[in-house]
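Okay, structure first, notes after.
The values are calculated or read from the model by the stated rules, or taken from the named source; none is laboratory data. The model shown is predicted, which means the values in this text are computed figures rather than measured ones. All Cβ positions, even for glycine, are placed from backbone atoms using ideal geometry, and neighbour counts span all protein chains on display. Note: areas computed on protein heavy atoms with side chains; ligands, DNA, RNA excluded. Shrake-Rupley method; radii C 1.70, N 1.55, O 1.52, S 1.80 Å.
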Amino acid sequence: MRRRTASSVPSEQMEKGTGKNHNTRLCFLVSLSAFFWVVLLYFHFVVLGSSTVDESVKLQPGPVNDEPFPTLVTGAHPIDTHLETAPSRRIENYPESIPTHVTNSGHMNTDLESRTSREAGNYPFIRALRTGENKSDPCGGRYIYVHDLPSRFNEDMLKECRSLSLWTNMCKFTTNAGLGPPLENVEGVFSNTGWYATNQFAVDVIFSNRMKQYECLTRDSSIASAIFVPFYAGFDIARYLWGYNISRRDAASLQLVDWLMKRPEWGIMGGKDHFLVAGRITWDFRRLTDEETDWGNKLLFLPAAKNMSMLVVESSPWNANDFGIPYPTYFHPAKDADVLIWQDRMRKLERKWLFSFAGAPRPDNPKSIRGQIIDQCKKSKVGKLLECDFGESKCHSPSSIMQMFQSSLFCLQPQGDSYTRRSAFDSMLAGCIPVFFHPGSAYTQYTWHLPKNYTKYSVFIPEDDIRKRNVSIEERLLQISPEQVKIMREEVISLIPRLVYADPRSKLETLKDAFDVAVQAVIDKVTKLRKDIIEGITDDNFIEENSWKYDLLEEGQREVGPHEWDPFFSKPKDGNADSVDSSAEAGKNSWKNEHRDQS
């Protein structure tokens, strides 16, 4: 038997076997080559390039994390899936469901992108700044976060409304979301709707209730342009100004600051992005000493509170942490048409009086010019006087006051017990051109709401012209041409939307009311501060005592110098912060006048 040798294997079998082995080796070589290039690319892009990739990620102009930016959803409030991912608590007495907001990240402004250095990405407020660059988000750069304060700081005070004033039962004035009872239009002076007997110190609750209707609320504080503190500071101090020691007067303010400083939101900017509202004059919150006989509490002197912005109906010209907002008037429109109809009505009125004044003399204040103003009104055939005093008076009738203002071309607005008066806003609501005698009565107070060029809407007659030079108010006003009067009156009427607080239970469609103006001003202030921090801009030359001058600067200006109004705001050498006496005396006299109004 012969053995089969290799050469005896059929040739076709040999060809099949040889081809198979060859293909296997080729596939192996291709796989090995591919693996080599994969390893090489991985090493180049991942290992060597990791630091570069990381840095580029940090500098991306899109959102800081992968949560989508909120965007406004109109109509019914859906379940807020975005907010469920953020640490939050329900905002007490605020809407249970805040509108969901979802958009793409959008394109960032190239200026902001170039300013944002590697270190800037570490600022905790960067995400909030970047929302303002998202052009597809209608709420971009406008989000407000509201602290969920314990109810003792707000709603509990309303439950004890009888204790909010020594002389006034505030219970009726806290109804209708803070507007008070509706006014009857018996004499046809008002519109048929939107008019209320609103207390001049009710801004705390009105503003807070308006905030509940704000369209850009968020429970994600990291995207908030500002943070609202719904503390009823005015109502709090109103309870304890008379007959209580300083410990009682300061208690709620100290508790509030302690509560806020423990919150993570406070640590972002040390409270400089926080703001609150108090419907009283600043002097009620600026006790200069810890003497029991000194006036008010020390809320605005607390170190932490100095970082916050406090909106008050009268601010201090020498301090930087409070800002003036309008006193509430009797008019609270629910829709744009209410405002437009009222404005048109004020344009068409016949005004038979050249000027008018509603107020009482101040015989105890030798610096007051009210006595001279009243005398000039009485002697003039074109002047109208509504003299206020104890007991029954037409000064206590909103209808009588508004009727007089509506029939006057000019309304005289001297200082009251402090610089400002609610009457200034009532008169402008009536389309009456205000006449001021001290720049602190409006020009340095309401710079957010009134034109800085005060000659557009008002007349200024320095107090000394009345006090020392016996200038005739009638003659001064007659020097203004009828054409100029018409232009000024139109300017006043155009300002009406910015000076009234819309009904908190509704919202104006396109017009901006006093609330909208104030909130936007706070947002602008915080946004500017954040950008200055990133860019390393500091106000090393800032002089707080000149705060009133800084408020008058135009956009881009930073330096202040001598001003024509310096004599009006020179501080007495004893340090008391009020040129009309002391700040404490101004606050105390304001309360005495409130007593007068209720007598």
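Among the listed pairs Lys456/Lys486; Lys272/Lys452; Lys367/Lys452, which have their C-alpha atoms separated by more than 18 angstrom in this model? Violating the 18 Å Cα-Cα cut-off are Lys272/Lys452; Lys367/Lys452. Measuring only protein heavy atoms, the 1.4 Å probe finds Glu292 accessible over about 100 Å². Between the residues Ala424, Gly359, Ser458, the greatest Cα displacement towards the positive end of the dipole of segment 336-501, with unit charges on the Cβ of Lys, Arg, Asp and Glu, is found for Ser458. Put a dot 7 Å past the Cα of His563, heading toward its Cβ, do the same for Asn453, and the two dots end up 1.9 nm apart. Surface composition of segment 161-302: carbon and sulfur make up 50 percent of the accessible area, probe 1.4 Å. Between Val146 and Thr218, Phe228, the built amide H atoms are under 5 Å apart, and every one of these is 5 or more places off in sequence or on another chain. Applying 1/(1 + (r/R0)^6) with r as the Cβ-Cβ distance of Glu535 and Ile487 and R0 = 30 angstrom yields a FRET efficiency of 0.15. Can you classify segment 440-541 as rounded, prolate or oblate using the Cα gyration tensor, where a ≥ b ≥ c are the square roots of its eigenvalues, rounded means a/c under 1.5, and otherwise it's prolate if a/b beats b/c and oblate if not? The shape class here is oblate. If the chain linking Val186 and Asn245 were pulled fully straight, counting 0.36 nm for each residue of separation and taking away their Cα-Cα distance, it would gain 16.7 nm. The relative contact order of segment 336-501, computed from alpha carbon pairs under 8 Å that lie at least 6 residues apart in sequence, is 24 percent.
Rounded to two decimals, the Cα-based Rg/Rh of segment 336-501, with Kirkwood Rh, is 0.94. Packing, taken as the mean count of other beta carbons within 10 Å per residue, orders the peptides 407-415, 356-364 from highest to lowest as 407-415, 356-364. Mean separation of Cα pairs under 8 Å and 6 or more residues apart, divided by the residue count, gives segment 305-405 a relative contact order of 18 percent. Extension gain for Asn365 to Lys352 (0.36 nm times residue separation, less C-alpha to C-alpha distance): 1.4 nm.
Looking at segment 345-423, the GluC sites (Glu not before Pro) that sit in a DSSP loop and have at most 14 other Cβ atoms within 10 Å of their own Cβ are Glu350, Glu392. Dipole check for segment 370-494: with +1 at the C-beta of Lys and Arg, -1 at the C-beta of Asp and Glu, and the Cα centre as origin, the magnitude is about 140 Debye.
On a per residue basis, segment 336-501 carries 41 Å² of accessible surface, using protein heavy atoms and a 1.4 Å probe. Take the Cβ-Cβ distance between Asn307 and Leu552 as r, set R0 to 30 Å, and report the resulting FRET efficiency rounded to the nearest 0.05. Approximately 0.85, to the nearest 0.05. In a fully extended conformation the segment linking Ser570 and Asp389 would gain 62.0 nm over its present Cα-Cα distance, using 0.36 nm per residue.
Pop the C-beta distance of Lys528 and Arg152 into the FRET formula with R0 = 25 Å and round what comes out to the nearest 0.05. Efficiency, from the Cβ-Cβ distance: 0.15. Peptide packing for 396-404, 467-475 was compared via the average number of neighbouring C-beta atoms within 10 Å per residue; ordered from the highest value, the list is 396-404, 467-475. Within the full protein context, the accessible area of Lys298 is estimated at about 60 Å² for a probe radius of 1.4 Å.
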